[in-house]
1. Please state the equivalent ellipsoid semi-axes for the range 127-238: what are the square roots of 5 times the Cα gyration tensor eigenvalues, largest first, in whole Å?
2. Can you list which of the trypsin sites (Lys or Arg not before Pro) found in the range 277-344 are DSSP loop residues with at most 16 other C-beta atoms within 10 Å?
3. How large is the charge dipole for the range 55-96, taken about the Cα centre, if only the Cβ atoms of Lys, Arg (+1) and Asp, Glu (-1) carry charge, to the nearest 20 debye?
4. Consider all pairwise Cα distances in the range 340-385 and report the whole-number % of them above 17 Å.
5. Quick one: length gained pulling ARG374 to ARG114 fully straight, 0.36 nm per residue minus the C-alpha distance?
6. Which part of the range 150-171 falls in the paramagnetic zone of SER132, meaning amide N under 14 Å from the point 7 Å along Cα-to-beta-carbon?
7. Take every DSSP beta bridge whose two residues both sit in the range 45-186, then give the antiparallel share in percent to the nearest 5.
8. Can you give the % of DSSP beta bridges in the chain that are antiparallel, to the nearest 5?
Amino acid sequence: MSTARAVVVGASHAGAQLVASLRQEGWSGEIVLVGDESVLPYQRPPLSKAYLAGKCSLKELAIRSEDFYAKQDIKRVAATVKEIDRSAAELVLGTGDRLAYDALALCTGAHPRRLRAEGADLDGVHYLRRSSDVERIREDTIPGRNAVIVGGGYIGLETAASLRALGLHVTVLEAADRVLERVSAPEVSTFFTRVHEHEGVDVRNNASVEALVGDRRVQGVVLASGESVPADLVIIGIGIEPSTELAEAAGLVVADGILIDAQARTSDPTIVAAGDCTSQDVPRYGRRIRLESVPSAVEQAKVAAATICERDKVIAALPWFWSDQYDLKLQIAGLNTGYDDVVLSGDPTRDHDFTCYYLRQGELVAADCVNRPRDFMTSKRLLAQRAAVDVAALTAKVAV
Ligand SMILES: Cc1cc2nc3c(=O)[nH]c(=O)nc-3n(C[C@H](O)[C@H](O)[C@H](O)COP(=O)(O)OP(=O)(O)OC[C@H]3O[C@@H](n4cnc5c(N)ncnc54)[C@H](O)[C@@H]3O)c2cc1C
């Protein structure tokens with residue numbers, strides 16, 4: 001039994017996996033998980049889905065039980081880490097206490113990008129990242145009220161679906177000319193717009209927010225066009241920013257995320273990092289990427305734990321992601337960056353299930369699969385093989 005202490009900062013998907021993996025990899029010393037949310041680490045994806053819709057409790061979302069941490073002798077500390085004192089190998093906590101470490105992992109995740117517009121701090125204006133955010137939103141979700149969602153990305157659209165289920169009137173304001181513009185092909189955007197409009201959501205593209213108006217509490221959103229949209233509550237979902245302040249202040253290299261190598265090491269090889277707070281050079285994509293997904297946080301955390309335990313693992317899994325809206329399950333395999341062709345299996349203008357394959361120079365780079373779990377599995381296999389695919393064979397082989 002070692003007396004060395006491993007400290008993990010940030011208690012969510014990456015942090016919770018990292019502490020569990022440390023034990024699996026044979027770390028026999030102390031393990032301390034420090035997080036600034038006082039509840040047990042919980043699954044974040046259901047926040048905009050089942051948890052917002054009131055279909056599950058926070059307890060049901062726990063990643064692991066209280067019992068697990070006790071049995072694995074993992075100490076949880078509810079505190080904010082204010083500083084990393086690398087020369088002393090100590091953390092400075094919000095309370096002023098210092099916590100020494102022999103191994104350190106940063107899993108500080110991300111926080112919502114703030115809307116810079118007049119009135120953005122009025123009552124009734126919300127962001128959605130933590131369970132406590134959803135609890136505040138739930139206080140405002142009274143059937144018949146007008147909810148305005150700023151941002152037509154996955155979280156905005158999932159939130160729209162959940163609020164419709166709760167009986168609110170929902171408007172989605174998207175600044176670009178289509179929803180999901182940053183992440184998907186126009187065909188996929190058209191599909192999700194059609195579904196949301198069918199469900200009664202007012203989807204407005206090219207709708208930039210100029211100001212939020214109201215007397216203490218928000219009453220409306222004024223668009224750049226001059227038009228005003230009534231609002232009893234506003235939820236802002238315009239993306240996230242990696243939480244890198246600690247790492248930056250400690251002098252670690254940060255480039256749109258704490259830069260890590262294939263073994264999850266930061267620019268200080270004695271400190272690892274994992275999850276939404278990181279960015280990584282990925283040869284396959286020929287560029288630096290920062291992923292915002294649970295599978296990636298979990299994969300990086302496993303590798304980071306192995307690195308701390310001096311085992312040789314590398315981050316290898318292909319990116320994948322999912323989004324649930326109404327009765328639709330979108331599963332995404334790979335990353336579509338730089339795609340030059342799109343092949344459809346199914347008709348997104350009519351069907352309730354289809355797959356959009358993204359190709360780059362004949363190679364499959366990603367697939368968006370809506371209610372097509374088999375296509376998703378096949379796509380993951382094809383992506384792993386990196387075999388060149390001919391279009392006809394792809395749709396014939398993969399289509400249901
Ligand atoms: C509403 C919503 C829906 C989502 N849906 C999906 C989905 O369908 N599929 C999917 O794959 N992903 C989804 N995601 C993204 C997914 O939740 C993230 O990729 C995942 O949470 C990343 O985990 P993480 O541990 O890296 O970071 P985070 O979950 O951001 O956790 C970081 C933790 O560190 C804490 N922390 C930060 N700084 C400090 C500090 N200085 N001291 C102490 N604690 C600190 C934070 O408070 C937080 O608790 C969704 C996210 C949201 C918000």
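1. Square roots of five times the eigenvalues give 21, 17, 13 Å.
2. ARG311
3. 200
4. Cα-Cα pairs of the range 340-385 separated by over 17 Å account for 28 percent.
5. 89.8 nm
6. none
7. Percentage antiparallel, nearest 5: 60.
8. About 55 percent, rounded to the nearest 5.
Any read-out appearing in this document is the output of simple, stated calculations on the displayed coordinates, not a laboratory observation. It should be emphasised that the depicted structure is a prediction, and the values quoted were computed from it without experimental measurement. Every residue, glycine as well, gets a Cβ built from its backbone with ideal geometry; the counts of neighbours run over all protein chains shown.
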